[in-house]
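These notes concern the structure reproduced below.
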Amino acid sequence: MDKAGTADSHLEDFLGGRKKTVKNPLVPIGALLTAGVLTAGIISFKHGNSQLGQKLMRARVVVQGATVALMVGSAYYYGDNITGTRKRNLDGSH
């Protein structure tokens, strides 16, 4: 087998034989909410409503912070499983 086939098989072993799926559906939802609040804030600034725009930009910071916290939390939570898989593959055992 060529190098590309070997790399693909190792990747499939690492991912559990299937493509990587989103493990925390709240992260993409948070990203969409961040984009939505940002868009609404920019539109309100464009229309001259700077007070509403400032409130929306502050809300964007809160939503974005929550999204980042979810990303870090899910990486920490699922990181133990990934680390365990890596250690087993490096040792040569399955």
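Working carefully through the options V72, V62, find the one that is within 16 Å of T34 (Cβ to Cβ) and at pLDDT 95 or above.
Residue meeting the stated conditions: V62.
Any chance the range 37-55 includes a residue that's within 18 Å of the chain's Cα centre (by Cα) and crowded, with 16+ Cβ neighbours inside 10 Å?
Scanning the range 37-55, I find no residue that is within 18 Å of the chain's Cα centre (by Cα) and crowded, with 16+ Cβ neighbours inside 10 Å, so the answer is no.
The values are calculated or read from the model by the stated rules, or taken from the named source; none is laboratory data. Because the structure is predicted, anything quoted here is derived from the model rather than measured. Note: ideal-geometry Cβ built from the backbone for every residue, glycine included; neighbour counts use all protein chains shown.
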